Every structure is written in C-alpha cells, then in structure tokens.
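The values are calculated or read from the model by the stated rules, or taken from the named source; none is laboratory data. This one's a predicted model, so the numbers in the text were calculated from it and none came from an experiment. Neighbour counts run over all protein chains shown; Cβ positions are idealised from the backbone, glycine included.
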Amino acid sequence: MRTSWADSADNSATRSSNSHGQSNRAAYVPPHLRNRQSEPPVQSNSVAAMPANDRSNYGGPTASYGGSSFNKPDLGRQGYGSGFQTGGGGAWNSNRGGGGRDRGRREVNPFENDEASDQSFGEAENTGINFDAYDDIPVETSGENVPPPVNTFAEIDLGDTLNQNIKRCKYVKPTPVQRYAIPISLAGRDLMACAQTGSGKTAAFCFPIISGIMRETYVQRPRVARTAYPLALILSPTRELSCQIHDEAKKFSYQTGVKVVVAYGGAPINQQLRELERGVDILVATPGRLVDLLERARVSLQMIRYLALDEADRMLDMGFEPQIRKIVEQMDMPPPGMRQTLLFSATFPKEIQRLASDFLSSYVFLAVGRVGSSTDLIAQRVEYVLESDKRSHLMDLLHAQRETGIDGKQGLTLVFVETKKGADALEHCLCVNGFPATSIHGDRTQQERELALRSFKSGNTPILVATDVAARGLDIPRVAHVVNFDLPNDIDDYVHRIGRTGRAGKMGLATAFFNESNLSLAKPLADLMQEANQEVPAWLTRYAAKASYGGGNRNRRAGGSRFGGRDFRREGSFNKGADYYGGGTGGHGVPGSYGGGYSQGVTSAWD
Ligand SMILES: Nc1ncnc2c1ncn2[C@@H]1O[C@H](COP(=O)(O)OP(=O)(O)OP(=O)(O)O)[C@@H](O)[C@H]1O
C-alpha cells in the first residue's frame, strides 16, 4: 500500500539523521510540530520509514526503493480530399510487412500493460476525461482552401484497424485540435498547429501519418545494405518524449503493418541499429542521434513523405535550429512540396513561425485557443517566496498536500528548478527530510533518467524534481501539482511546465515561487493568469506595472498577443525578416529579443 511517504516526513521531523552525516538542523519540521518541546530523537533505520528514491547514496535504506530492476508529388493519397465519410474501404493495406523487411516476428500487444498500470492506481484509464472542457474554445484557421473540421472519428476514413486501436485507447471523440488537424493533414496539406498542452496533439499528427502509409500500395525502397529508408520522420526535443511518442504510435499502428522505430541518444546505438535493419516506416527520433545515424549512412531520408516536428517551436529555437536545418535541408530529404510537413506545439512565437515557414509549402495555420495560452483546467497560484525560504516553503506545501491531498486526492508532484545542480540539491534535501523524491536532468545517465521517470509515474516516488528536460510533452496522467520552484525566464516555458498537469480534460494545480529575480516574468505571467481566469495577486500586478514601465522585459511575448490574427503571415510583415529581429513589431509585441527568452546559458538538459 502506498501511504507511508506522508508519515515518513513526520517521522523524519522527529528523527536524528546523523548516522548518515546529516545535521539535525537540516531536518524538516512540519508546521504543526514547530515550537514544540523537542522529544528525544529516535534513530530509525527502518526501510519503511525512509522515502522511496532511486539513488544509492542517500542513506543505505533508500537504495532498495524505486525498483531494483535497474542494475507534394503524388503522395499516394488518391481519394483523399474527396470526403471523410465512414468507410474503412478496400484501400487499406494492413499486411505491409513492417517496412518491407520484418518477417515472422510476433507483434507485441502494446495495450497489454495499460490495464495493469490503471489498476495499480485504483482507477480506470481515462476516468474523468472531460474533453467537453475544450468544446467552446476559439479556433482559428488560415491559409487557402482549408478543409472543414469533423465532429466524430466516424466521419474520418482512417480504416478499420486504426479505428479499432482508437477504441482500444478509449478515445470516444476527437479533441478540438484533432477535429481540425486530422482532415487538414489527410487532405495532404502542410500544417502549423498550435493547441494547448494535454489536448491530444500526438494523435493529431500520428493518425494521418499512419493512415497515409497504410493507404500506400507497395512502396519500392532502394536496396542498400544496412540503410533504413523510413517513410515518415517524427522529431522531438527530448529522449523521454521520443520514447513516449514511439509508445503512442505503436498503439495507434498495432496490427496495421506500419512499423515504428525510435532512436535517441544516451541509449546503446547497436540495439537501435538492429531495429532499423528489421525495417521501419515511421522513425521517431531526437535530432542528435538521428544526425549520427545519417552520418553513418544507416538511415536515409530520401523516401520521407511525412515530416512531423513535435514541440516545433523548441525544435527551431537557437539550440536546435542548426541540427534541424541539417536534417531537413542538407541531407537527402525531399524538399517542401515533395513531402508533407506537420508542425505542432502549444506555443508558437512569431519569429519561430517565420523560421518554420522555410520548411512548409502552402500551409494551413491552425490555432486552438490562444497561441501559447494555458488551459483553464489548471488552477494557477503564484506566491512571493524569498530565495532563502524556498525549500521550507516547498516542504510546507508538500506536507499540507499530504494531509489533505489535492482536491481530496493524492497525486504526483513535479517540481521544476533551473539547473541540474539545483535539481540534485533539492532532491537530496527532500529525501533527507522524509519526502520521497527523485530527479531527472541532463547530468543523470539515461538509465537513471528512465528509472526516475518510471518510479515517479508508478507513484513509488511521488515527487519528481526536474529541469526543463521534463517541461515539454511528457504525458503523466496523475500529476496533480506542478511547482515552479525556480520560475523559467520565458513565459512559454512556464506554459509547457504547468501543462504537465491538467491534461486530457482533468483538473490540475500549478504553484509558482516568485521573487525579485523573476521581474521580467511579472507582466507576461500576470497577463497569462488573467486570461486563464485566474486570480492575480495585487502584488504581482504591481510588479507587472513596474516591469512594463521600467523596461528590461525581454520576454518574447511582452505586449500580449490576444486571440485572433496570430498566423504571422497575416500581420503584413511576411518576408520582412528585420521586423522579427529588429524589434518594434507593434501590437503583437515581439520585442526583438529572440533568444533572450529561451534561457540561453542556462544549463538545462536537452538531448
Ligand atoms: N480523443 C481523445 N480522447 C481521449 N483522450 C485523448 C484523446 N486524444 C488524446 N487523448 C489523451 O490525452 C492525453 C494528452 O495527449 P497528448 O500527450 O497528445 O497532448 P499534447 O497536446 O501533445 O500535450 P503537450 O502540449 O503537453 O505535448 C494523452 O493521455 C492522450 O492519450
């Protein structure tokens, strides 16, 4: 039974931890025990009294926690565009043989584990999903001849096998981004899509790719020994996100014959090479590992028909842009117009939209909700906390949460910090104070990262301290609380971080610790909260006013960008690069600070 972490915090408050070299001063004292006569310290080496943690060096007993298992040509879419009626017609080709090479291997059922993991939390998957929460959301499309949206999966001709998998995923109806994006993509159009965190973007780009590949009759691929020729490439910025997309895509493509392979850094390349040799239709990858594979000539992009960038704005910011340009423009990938390109994110700053347009051909721009807005499902709180008080404040929050849960339920808590060292230090502090925490950041090995994530997801270690490596895309259903222990420099990063809760129609809570070092975020944060109908504290409004008068606000979104006209092509500055880098963009306020917002110099960890 998973109850004891709460009690272990109390125990630790009355326990001397000096056997592990920790001073008594470090011990957390919960509010209700403060100012009491201290009782004689009780030495405890009991495993049950210690928090779960995947580190081996946080005091002997913790080592056993967290699981010991770790030691636009014709794209073959004849018939598209003519209608999205129910059909499951004869055009489907579900015996494709997996990228042409994979014979005789039994396909593992990717749904097998779902039920078990649901049971472990005592609730059925998708309970509480309320996509009606997204129903009255404003949607904007721009571009020529935009295909109309659908209301149900039945209206889209995705084929029987894929439809069956959609049912297995317990998706009853499409989310708003799916309602629009799927018909647009099935019609063969390039797409730049912006929709809120947790609103189902992964399926929105996977379904059309899988069904497109299934529709193709046999594709003759070059026969070059040991070189793989995928038909679709899905790029994402982190290893964990690539793994997650791979897992989802495997579910969606189960028994379709479409073969999905993942390649990411930090994991042994040989195993990935073997998988690639067995054949691949859809390759999900992080950019670094893909460049490696391309340079070794183990992958060729010559047959790519579909290119999807998840977290596309992140993929095109200064950290990744050169690698992405190399992959997309300097290798052997067909140019825009000869392939279909799908870009997805919850945030799309205009200067990134401009860069992205290099990769697209006559594309449709789709915005579901305000670009970069947070969902109303997330209750946002911001508290003024001095740097020196942050740890005790966090422990007070965790302690209170343990007593009452969040909305009466115990959930997982994700705590964001700015640096890898900061993550280690906070994890350690929480552990020695009886709060079961683990961490994920770029200085941990990939094995440690995966173990930490698994331990967190399973609830064994219900607190995860993370750098921005966990900010985007990760879909962990039971994250009830996101704490911005250190606020990011950029409001878009804040949007992605808090988006780890309040997903798929469920409610979530996000708490931010704000102090003088976050002044540049005051205005965009106050604006964002106001727009999401959150209560903005008066002190934050004062800081916001001060920041907008005093200058120094380098946030890319300063000035606000309300819903409407957010496709950058509509703003009269199309092809005027200077507008985007030179500042002074008028009403939509991209103050020429490209790069300033993406935390340059901050040691956070991307692949
Ligand atoms: N039509 C649907 N019905 C029910 N659940 C859905 C549907 N589409 C997606 N989901 C679920 O919603 C959750 C969020 O989906 P997903 O991870 O694709 O969100 P996202 O928009 O990519 O988020 P982020 O911006 O954080 O990357 C997932 O658990 C997914 O299985």
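Annotation: Q380 fulfils all but one of (1) buried (at least 16 other Cβ atoms within 10 Å of the Cβ); (2) in contact with a Ser or Thr (Cβ under 6 Å, 6 or more places away or on another chain); the unmet one is (2). One residue is enough: does region 462-479 have a residue meeting the conditions among the hydrophobic types (A, V, I, L, M, F, W, C), under 18 Å from T238 (Cα atoms) and surrounded by fewer than 19 Cβ atoms within 10 Å (Cβ to Cβ)? Yes, some residue in region 462-479 is among the hydrophobic types (A, V, I, L, M, F, W, C), under 18 Å from T238 (Cα atoms) and surrounded by fewer than 19 Cβ atoms within 10 Å (Cβ to Cβ).
Cβ-Cβ distances below 6 Å connect the following pairs, each with a first residue in region 287-300 that is hydroxyl-bearing (S, T, Y), a second residue that is surrounded by 17 or more Cβ atoms within 10 Å (Cβ to Cβ) and not in a helix (DSSP H, G or I), and a separation of six or more residues or different chains: S300/T227; S300/Y229. Restricted to region 467-488, and to residues there that are assigned to a strand (DSSP E or B), away from the ligand (no atom under 14 Å from the Cβ) and hydrophobic (A, V, I, L, M, F, W, C), the residue that is farthest from G502 (Cα to Cα) is V483.
Would you check which residues across region 205-217 are touching a Gly at 6+ places or on another chain (Cβ under 8 Å) and within 16 Å of the ligand (Cβ to nearest atom) and list them?
S211
Criterion first (within 16 Å of the ligand (Cβ to nearest atom), assigned to a loop (DSSP other than H, G, I, E, B) and either of a type in the set (S, T, Y) or more than 30 Å from V29 (Cα to Cα) (or both)) does G442 satisfy it? In short, no.
Any idea how many residues of region 245-262 are under 18 Å from P477 (Cα atoms), buried (at least 24 other Cβ atoms within 10 Å of the Cβ) and more than 10 Å from the ligand (Cβ to nearest atom)?
1
Out of all the residues in region 213-221, is one or more within 27 Å of the chain's Cα centre (by Cα) and either closer than 23 Å to R500 by Cα or at pLDDT 95 or above (or both)? Checked region 213-221: at least one residue is within 27 Å of the chain's Cα centre (by Cα) and either closer than 23 Å to R500 by Cα or at pLDDT 95 or above (or both).
Answer yes or no as to whether L509 is buried (at least 19 other Cβ atoms within 10 Å of the Cβ), at pLDDT 75 or above and not in a loop (DSSP other than H, G, I, E, B). Yes; evaluated as a whole, the condition is true for this residue.
When the residues of region 496-552 are filtered to those that are among the hydrophobic types (A, V, I, L, M, F, W, C) and over 30 Å from G200 (Cα atoms), the one that is nearest to the chain's Cα centre (by Cα) is F514.
Here R497 meets each of (1) at pLDDT 95 or above; (2) touching a Lys or Arg at 6+ places or on another chain (Cβ under 9 Å); (3) surrounded by fewer than 24 Cβ atoms within 10 Å (Cβ to Cβ) with one exception, condition (3). Residue pairs whose Cβ atoms lie under 6 Å apart, sitting 6 or more positions apart in sequence or on different chains, and linking a residue in region 191-206 that is at negative phi to a partner that is within 6 Å of the ligand (Cβ to nearest atom) and basic (K, R), are A195/K201. Looking only at residues in region 156-202 that are part of a loop (DSSP other than H, G, I, E, B) and of a type in the set (A, V, I, L, M, F, W, C), the one that is nearest to V108 (Cα to Cα) is C169.
Among the residues making up region 302-315, those that are crowded, with 22+ Cβ neighbours inside 10 Å and more than 16 Å from the ligand (Cβ to nearest atom) are I304, R305, Y306, L307. Taking the criterion of being in contact with a Leu (Cβ under 8 Å, 6 or more places away or on another chain), under 27 Å from R503 (Cβ atoms) and outside any helix (DSSP H, G or I), would at least one residue in region 240-256 satisfy it? Yes; the residues of region 240-256 include at least one that is in contact with a Leu (Cβ under 8 Å, 6 or more places away or on another chain), under 27 Å from R503 (Cβ atoms) and outside any helix (DSSP H, G or I). If you check T197, T202 for being modelled with pLDDT of 95 or more, of a type in the set (S, T, N, Q) and within 16 Å of the ligand (Cβ to nearest atom), only one passes: T202. Within region 129-145, if we keep just the residues that are in a loop (DSSP other than H, G, I, E, B) and buried (at least 17 other Cβ atoms within 10 Å of the Cβ), the residue that is modelled with the highest pLDDT turns out to be G143.
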